[in-house]
1. Treat every Asp and Glu Cβ in segment 93-159 as -1 and every Lys and Arg Cβ as +1, leave all other atoms uncharged, and give the resulting dipole magnitude about the Cα centre to the nearest 20 debye.
2. Just rank THR116, THR136, THR77, fewest to most, by other beta-carbon atoms within 10 angstrom.
3. Treat the chain as a sphere of radius equal to its Kirkwood radius over Cα pairs and apply Stokes-Einstein at 37 °C in a medium of 0.692 mPa s; give the translational diffusion coefficient in µm²/s, rounded to a whole number.
4. Along segment 63-73, what does the Karplus equation 6.51 cos²θ - 1.76 cosθ + 1.60 (θ = phi - 60°) give for ³J(HN,Hα), rounded to whole Hz, x for Gly and Pro?
5. Which FRET efficiency, nearest 0.05, do TYR27 and ARG120 yield, Cβ-Cβ r, R0 30 Å?
6. Obtain the nm distance between the two label points defined at THR136 and ASN150 by a simple spin-label model: each point lies 7 Å from its Cα along the Cα-to-C-beta direction.
7. Please go through segment 116-161 and write out the GluC sites (Glu not before Pro) that DSSP classes as loop and that have at most 12 other C-beta atoms within 10 Å.
8. Which ³J(HN,Hα) values in Hz, rounded to whole numbers, follow from the phi angles of segment 148-161 under the Karplus curve 6.51 cos²θ - 1.76 cosθ + 1.60, where θ = phi - 60° and Gly and Pro get x?
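Taken together, the values in this text are just the output of simple stated rules run on the coordinates, not laboratory data. Remember, it's a predicted structure, so these values are computed and weren't measured experimentally. Neighbour counts are summed over all protein chains in view; Cβ atoms, including those assigned to glycine, are modelled from backbone coordinates with ideal geometry.
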Amino acid sequence: MSIFVKRGDLTQISCDAIVNPANSFGYMGGGVAGAIKRVGGIEIEKEAVSKAPIPVGTAVETISGNLPCKYVIHAPTMKQPAMKIPVENVKLATRAALELALQVNVKSIAIPGMGTGVGRVPVEDAAQAIVSIAKTFENSFETIYLIDRNEDMAESFERYI
């Protein structure tokens, strides 16, 4: 099996790409996106914004700045910042991120919990959605990390692996 759950900081994991659960404008304000921008640098957001709009169900890759990965893959879960979203958007974002990762030859990717912050998707629902999509791609990657600092999210990932 190539899917592993880690409790930890997405911005510190060494892999080819990390996923940013973005908004369609590419702005990286709070939550996971804000952490990526704080650690990786403002140039990540500048490039994401230059590639906007990024419709839900699609993804774009950017540089990774100071992060220990090659790419940040921005996969919108919401059109506008801080929107409440359905769990379907989490599935669309996960699929789009993994499809783009294959196109740019990523072998290892880290996916955080998506949609559970301002999107208000229940943690269990988000975990089930992310794991179900990741499983359809597990033979295409050497490693898929499901990573989150939130213990409930990490435990939920584990339940659905």
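1. Details: 6 positive and 10 negative charges, 50 e Å.
Its charge dipole is roughly 240 debye.
2. Details: THR116 25, THR136 11, THR77 30.
Result, fewest neighbours first: THR136, THR116, THR77.
3. Values: Rh = 14.8 Å.
My calculation gives 221 µm²/s for D.
4. Values, residue by residue: 4, 10, x, 8, 7, x, 9, 8, 10, 10, 9 Hz.
5. On the way: r = 19 Å, r/R0 = 0.62.
E between TYR27 and ARG120, to the nearest 0.05, is 0.95.
6. Reported label-point gap for THR136 and ASN150 is 2.3 nm.
7. Details: sites: GLU124, GLU138, GLU142, GLU151, GLU155, GLU158; in loops: GLU142.
Answer by residue number: GLU142.
8. Values, residue by residue: 7, 6, 7, 4, 4, 5, 4, 5, 5, 4, 4, 4, 9, 5 Hz.
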